[in-house]
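Engineer: Before anything else, here's the structure in question.
The values are calculated or read from the model by the stated rules, or taken from the named source; none is laboratory data. A quick note: this is a predicted structure, and the numbers were derived from the prediction, not measured. Neighbour counts run over all protein chains shown; Cβ positions are idealised from the backbone, glycine included. These accessible areas exclude ligands, DNA and RNA; they are computed on the full protein's heavy atoms, side chains included. Shrake-Rupley method; radii C 1.70, N 1.55, O 1.52, S 1.80 Å.
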Amino acid sequence: MKKSRVFFIRADGAESPDLFGRKVKDVLVPTGFVEKLAPEDFVALKIHFGEKGNTGHIKSAWLRGLAAEIFRRAPRAFLTDSNTLYTGPRSNSVEHIRLAWSHGFTPDVLGLPIVIADGLSGGDYGETRGGRGRVASAKIAGAIARSDALLGLAHVTGHVQTGIGGAIKNLGMGCASRAGKLDQHAVVHPRIQKKSCRDCGLCLDHCPAAAIVRNPDGVEIDGARCTGCGECLVTCKYGAVKIRWDEDSLRIQEKVAEYALLVARRFPNKIAFINFLIRVTKDCDCMARTQPPLIGDIGLLASVDPVAVDRASADLVLRRAGGTDVFRKGYDIDWSRQFSYAEKIGLGSNRYDLVELK
Ligand code: SF4
Ligand code: SF4
């Protein structure tokens, strides 16, 4: 496998936002991403705005210069994320945007609007077929699927299900609609927990596949009819609809990689990734709390290859930790599977040249 180039700038989250922001802009330049943009392009800047109460997420002030530069070339650029699978302040677009505003991602700071990519409540997606065995097709959040260019902005952290989350996770899971997330997270359709169900009937009215039925034993999901859209998960106000989480991390990592491949294929020449190795924590930014960092800040990496940028990120973290796998100290997960599988299916390369920029 050919080596990919990964660009690297040392940076520290304690630096002034102006200095840090210049580095964010500079690290992307050699990828050629901005030059390829055309004025009529819809450019999706895919980011995680951070859960309510989370403080480790990428800061809006760091993106000011980058957003201005992209806007100059492509005024249709926008910030985006997709709604969550579970209920909470990021499970619908209205609350999701308000939360992003409260974390500083406002038009007066960045000059870019926010478009939550899978619509009001996660049901808008475009479907791409051609998976590699784990998924038949990818249900990609609509606004991302219909964009012309994609810039993945990922805060690299540990992760409870995949061991590590970076560019690949941001691409595969992060760009999926609710149905796509359910595809990757679950083995089968959701189930209704009898003891929590109040028999209110709301989910029956909302299920687009008429897969929820009322029978003498209570309300149930007919697995043969369920399309896995995930609508019932956020419709039920009593938390009675449960996801049957896939507990096999290796399988989830492979599904995420396949999704990432199907998303990346929509942007054959206009895609790039910036990884933030700043405040690397045990868990991802879905955690509603401040987490202590596992290591000191390292910097920023950019590439057009999501596998190479993640592999380089992991190598730098382990080196900074003196060879200790700090991700495995958090969760005993073989996170390297997502990298090896992603390379096997053609998403990118685990071999890279690290080019340090001064
Ligand atoms: S919405 Fe929830 S509580 Fe109401 S019937 Fe469906 S599962 Fe039961
Ligand atoms: S996941 Fe969608 S199709 Fe399946 S039961 Fe829930 S609402 Fe119906």
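Engineer: Ordering 199, 297 by accessible area with a probe of 1.4 Å, largest first, what comes out?
Structural biologist: 199, 297
Engineer: Ok, one more. Is there a pair in 25/46; 139/181; 46/329 whose C-alpha atoms are over 19 Å apart, and which pairs would that be?
Structural biologist: 46/329
Engineer: From the gyration tensor of the Cα coordinates in the chain, what semi-axes in whole Å does the equivalent ellipsoid have, largest first, with each one equal to sqrt(5λ)?
Structural biologist: 33, 22, 20
Engineer: In a Gaussian network model over the chain where Cα atoms closer than 10 Å are linked, find which of 331, 238, 341 has the largest mean-square fluctuation.
Structural biologist: 238
Engineer: Which whole-angstrom value gives the distance between the alpha carbon centres of region 105-139 and region 4-71?
Structural biologist: 19 Å
Engineer: Starting from the residue with the highest accessible area, list 1, 287, 173 in decreasing order, probe 1.4 Å.
Structural biologist: 1, 287, 173
Engineer: I need the P(r) histogram for region 188-242: all alpha carbon pairs, bin width 5 Å from 0 out to the longest distance, whole percents.
Structural biologist: For region 188-242, the pair-distance distribution reads 4, 23, 40, 25, 8, 0.
Engineer: Under a point-charge model restricted to the Cβ atoms of Lys and Arg (+1) and Asp and Glu (-1), what is the dipole moment magnitude of the chain relative to its Cα centre, in debye to the nearest 20?
Structural biologist: Dipole of the chain, to the nearest 20 debye: 300 debye.
Engineer: Something else now. Once the Cα gyration tensor of region 248-331 is found, what semi-axes does its equivalent ellipsoid get, as square roots of 5 times the eigenvalues, in whole Å, sorted largest first?
Structural biologist: 24, 17, 13
Engineer: Compare 123, 131, 152 in a GNM of the chain, Cα atoms joined below 10 Å, and give the one with the largest fluctuation.
Structural biologist: In this elastic network of the chain, the residue with the biggest mean-square fluctuation among 123, 131, 152 is 131.
Engineer: Karplus couplings for region 287-298 from phi (6.51 cos²θ - 1.76 cosθ + 1.60, θ = phi - 60°), rounded to Hz, Gly and Pro as x?
Structural biologist: Result, ordered by residue: 6, 8, 6, 7, 10, x, x, 7, 8, x, 5, 10 Hz.
Engineer: Amide H of residue 112: which non-local residues (sequence gap of 5 or more, or other chain) have their own amide H closer than 5 Å, using H built in the peptide plane?
Structural biologist: none
Engineer: So which residue, out of 304, 241, 24, gets the largest mean-square fluctuation from a GNM of the chain using Cα contacts under 10 Å as springs?
Structural biologist: 241
Engineer: Rounded to whole Hz and in sequence order, give me ³J(HN,Hα) for region 149-165 from the Karplus expression 6.51 cos²θ - 1.76 cosθ + 1.60, θ = phi - 60°, writing x for Gly and Pro.
Structural biologist: 8, 9, 10, x, 10, 10, 8, 6, 9, x, 8, 5, 10, 10, x, 9, x
Engineer: If DNA, RNA and ligands are ignored and the probe is 1.4 Å, what is the ranking of 335, 101 by accessible area, most exposed first?
Structural biologist: If we order 335, 101 from most to least accessible, we get 101, 335.
Engineer: How do the peptides 257-269, 86-98 rank, highest first, by the average count of neighbouring beta carbon atoms within 10 Å per residue?
Structural biologist: 257-269, 86-98
Engineer: With the contact rule set at Cα under 8 Å and sequence spacing of 6 or more, what percent relative contact order holds for region 276-338?
Structural biologist: 29 percent
Engineer: Pop out the ³J(HN,Hα) list for region 134-143 in order, Karplus 6.51 cos²θ - 1.76 cosθ + 1.60 with θ = phi - 60°, rounded to Hz; leave Gly and Pro as x.
Structural biologist: Once rounded to whole Hz, the list reads 7, 10, 7, 7, 10, 9, 8, 3, x, 5.
Engineer: Solvent-accessible area of residue 294, probe 1.4 Å, all protein chains present, reported in Å² to the nearest ten, please.
Structural biologist: Here the accessible area works out near 60 Å².
Engineer: Towards the positive end of the charge dipole of the chain, with charges on Cβ (+1 Lys, Arg; -1 Asp, Glu), say which of 133, 259, 245 has the farthest Cα.
Structural biologist: Looking along the dipole axis, the top candidate is 133.
Engineer: Using a Förster distance of 30 angstrom, determine the FRET efficiency expected from the C-beta separation of residue 35 and residue 101, and round it to 0.05.
Structural biologist: So, using R0 = 30 Å, E works out to roughly 0.45.
Engineer: Ok, one more. Given a 1.4 angstrom probe, I'd like the percentage of the accessible area of the chain that is carbon and sulfur, rounded to a whole number.
Structural biologist: The C+S portion of the solvent-accessible surface of the chain is 51 percent.
Engineer: Just the number please: accessible area per residue for region 188-242, 1.4 Å probe, all protein chains included, in Å².
Structural biologist: Counting only protein heavy atoms, the per-residue value for region 188-242 is 58 Å².
Engineer: Still on this structure, I have one more. Could you tell me the center-to-center distance, by alpha carbons, between region 289-317 and region 170-249 in angstrom?
Structural biologist: Taking the Cα centre of each part, region 289-317 and region 170-249 sit 34 Å apart.
Engineer: Right, something else. Given 215, 197, 232, which one lies farthest toward the positive end of the charge dipole of region 188-242, if we put +1 on the Cβ of every Lys and Arg and -1 on the Cβ of every Asp and Glu?
Structural biologist: 197
Engineer: For a quick check of understanding: with a 1.4 angstrom probe and all protein chains in place, what accessible area in square angstrom does residue 298 have, to the nearest ten?
Structural biologist: Answer for residue 298: close to 10 Å² accessible.
Engineer: Next question, about the same structure. Provide the solvent-accessible area of residue 115, counting protein heavy atoms only and rolling a 1.4 Å probe, rounded to the nearest 10 Å².
Structural biologist: Counting only protein heavy atoms, the figure is 60 Å².
Engineer: Something else: Heavy-atom accessible area per residue, region 1-73, 1.4 Å probe: how many Å²?
Structural biologist: 46 Å²
Engineer: While we're looking at this one, here's another question. Per residue of the chain, what 222 nm ellipticity follows from adding -39500 (n - 2.57) for every DSSP H run with n ≥ 4, rounded to the nearest 500?
Structural biologist: One gets -8500 deg cm²/dmol as the mean residue ellipticity at 222 nm.
Engineer: Another question, then. Might you report the magnitude of the Cβ-based charge dipole of region 1-152 about its Cα centre, with Lys and Arg at +1 and Asp and Glu at -1, to the nearest 20 debye?
Structural biologist: The dipole magnitude comes to about 600 debye.
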